[in-house]
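Only the coordinates and a few stated rules stand behind these numbers; no lab work does. Here the structure is a predicted model, which is why all the values come from computation and not from measurement. When we count neighbours, we look across all protein chains shown, and the Cβ atoms used for this are built from the backbone with ideal geometry, even at glycine.
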Amino acid sequence: MKLKELIITCGIIGIILMMIVPIPTLLIDFLLIVNITIALTILLVAMNTKSALDFAIFPAILLVTTIFRLALSISTTRSILSKAEGGEVIETFGQWVGGGDVIIGFVVFLILVVVQFIVITKGSERVAEVAARFTLDAMPGKQMSIDADLNSGIINEFEAKERRSTIERESNFFGAMDGASKFIKGDAIATIVMMIINLVGGFIIGMVNWDLSFAESLNKFTILTIGDGLVAQIPALLISTASGLIVTRSASDGNLSEDITAQLFKYPKLLYVAAGTIAMLGFTPIGIMRTWPFAIGIAIGAYLIQTSQSKKAAQDELLVEEQQIEEVRSPESVISLLQVDPIEFEFGYGLIPLADTQQGGDLLDRIIMIRRQCALELGLVVPVIRIRDNIQLKPNEYVIKIKGNTVARGELLLNHYLAMSPGFEDDSIHGIETTEPAFGLPAIWIDEMTKERAELSGYTVVDPPSVVATHLTEIVKRHAHELLGRQETKALVENVKTNYPALVDELIPSIMSLGDVQKVLTKLLQEKVSIRDLVTIFETLADYGQYSKDTDVLTEYVRQSLSRQITLQYSTAGQSLRVITVGAQLEKKLIDAVQQNDQGSYVSLDPVSSQQIYQRLTEQVNRLLQSGQQPIVLTSPTIRMYLRQVVARTLQDIPILSYSELEPNVEVQSVGVVNL
């Protein structure tokens, strides 16, 4: 055993023996001084620790010092009752506190006991109990936060392990402090009991065994009781204070002295107010001579603190500028320029009121609603949309970018409304002709005075923020498949895994890779099929992924599994579904043109046939659009994906469905046939 371990072990055994074996008063004096020294050291360490875990041994030290103090109290009580003396330390404390007056000393001692028992001990016990409870309640949230940081790559395995260890140590520490605080309370009660025993028992023994008079016995044993209580209570008070400091300090990066100077004197201007208040008290009977020197001292201190803070702020600002210059000069500074935002919304300076909440702009709130709407309709978590002004744009112009590339633009007139005619023009409605940006419909900008008349004439009238929100929503839906990458797919998979772990474990990675799942989801979004029902999608992929690795074929199986969803998306209850069907000649032409390669199957058509298909299909689509109907193309399951491949570039917004994607109870009415 090492020397330090041997000394500590022998010391603890000696503490136990002190309760049984009488010890001389000279040794008692030495141990009392040691007790005061230990308590003072503990208080100083508690004041200078930055975190409770820096003094994690404190609960054990609290137990040992409490037992040591009780053992000393038993030894001093034995000495007082048997020899009518407690040593020089107890005698000195007993006479010094009262200043030679027994009654004053006794009153001071009682006040000290009340402060120790009711204020400090009770408060420390309550704070320790609450801290332990809140620490244990916060453990699951902290563990989940660590797991989230680990999954997102913010921290590595080693850092995650360190954080988990810290959380475990915190819970153990505050739990131990909750129990150890009961020792302080018990120690205070034991001190009061021993004080009564020393006073009453000593008074009786003094008159019976030592033949002292009533006054002599009362005086002598009162002084000894006060001295004994003080030498026990002062270390207990120091340790109780240390316990309170340990459990009450939180959200701190420095020790107690640093926090006090940094936080209490953070606002030197308030010290001027305090100095002025103290100076005003000089005009009361207190007098100027007693208040003004102190007020002047506070004002001088406030001035020095303010000057010091100004110098430090200037130095910090200079240091930040130097660091920024160094960062620009460093080769790594270019890395940040490579970051591309998924979605950006840029606008000219004339449209700043749209995004400025102080000017009544609600664009940020509308974007939040857009993200919620896309999550409900498409099952996609839209990335954060970066909003910024761009002086290179026209004042009333805005652009929408996807991954750094402009995909849409438009112009707004803030003090006007966009009015779209119901199909017939009203000559009394005049405005600035324009095009509705989301759907490309003809429209006009009208002022406030014309708004009511336009609404009465059947015009659809919307304000500029609604125009932007609608345009942005349509762009997000149109390019949703570009916003779904592998990282976003992984987040969706992890969300499903929380409730369906067996399904995800079977599918990924044994049957399909994360990239293949992402390709299937992307193909669904590309045709505006919601991926919110991921459980059904994953179930289908797990069933058919064992037989085919072609993501186009797997997408067709998924679409068929989502037939109810697709049917509800395009049909209206109580009405027949009006569709454009594909003729037998065209179906045969497409089947004959299917080619196979290592990547899967594709359609290889000659340019003449492709042009004929585009022309025939466009004729039918335009005919339905002119009659105000939504064009839907219906074909057999075998050629649906091939027809989609042929017309994807020119008619990407036209839904192409197969018979297997419609519910049997839906009535289908053919309003046109596409044939060669």
| For segment 9-125, rounded, prolate or oblate, judged on the Cα gyration tensor with a ≥ b ≥ c (square roots of eigenvalues), a/c < 1.5 rounded, else prolate if a/b > b/c? | oblate
| task | Give me the angle, in degrees from 0 to 90, between the Cα long axis of helix 88-98 and the longest principal axis of the Cα atoms of the chain, rounded to the nearest 10. | result | 80
| request: Specify the angular offset, from 0 to 90 degrees and rounded to the nearest 10, of the alpha carbon long axis of helix 157-208 from the longest principal axis of the alpha carbons in the chain. | output: 20
| Listed here are the pairs K403/K490; K401/K490; K403/K451; which of them are more than 31 Å apart at the Cα? | K403/K451
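Can you list the GluC sites (Glu not before Pro) in segment 616-676 that are in a DSSP coil and have 11 or fewer other beta carbons within 10 angstrom?
E667
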| How would you classify segment 262-323 from its alpha-carbon gyration tensor, with a ≥ b ≥ c the square roots of the eigenvalues: rounded for a/c under 1.5, else prolate if a/b is greater than b/c, otherwise oblate? | prolate
| field | Low-density loop positions, trypsin sites (Lys or Arg not before Pro), segment 1-110 - DSSP coil, at most 13 other Cβ in 10 Å | value | K2
| remark: Taking only the alpha carbons of segment 343-481, the radius of gyration and the largest Cα-Cα distance, Dmax, both in angstrom, are 15.5, 45
| remark: Restricting to lysines and to Cα separations under 18 Å from K161, and discarding same-chain partners fewer than 8 apart, the set is K142
| What is the set of long-range amide H partners of V668 at a cut-off below 5 Å, with H atoms built 1.01 Å from backbone N? | L577
| note | By Cβ neighbour count within 10 Å, fewest first, T291, T460 rank T460, T291
| message | What distance in nm separates the two pseudo spin-label positions at V193 and Q315, each 7 Å out from Cα along the beta-carbon direction? | response | 5.7
| message | Please arrange T225, T635, T191 by how many other C-beta atoms lie within 10 Å of their C-beta, fewest to most. | response | T191, T635, T225
| Per-residue ellipticity at 222 nm for the chain, helices alone: DSSP H runs ≥ 4 residues times -39500 (n - 2.57), over residue total, nearest 500 deg cm²/dmol? | -20500 deg cm²/dmol
| message | Quick check on the exposure proxy: order F58, F106 from fewest to most C-beta atoms within 10 angstrom. | response | F106, F58
| Matching label, Cα Rg over 2.2 N^0.38 Å computed from the structure shown, candidates (1) 1.36; (2) 0.94; (3) 1.60 | (3)
| request: With everything on Cα atoms, drop me the angle between helix 486-497 and the longest principal axis of the chain, reported from 0 to 90° to the nearest 10. | output: 70
| message | Taking a ≥ b ≥ c as the square roots of the Cα gyration tensor eigenvalues, with a/c under 1.5 meaning rounded and otherwise prolate when a/b beats b/c, else oblate, which class fits segment 484-561? | response | rounded
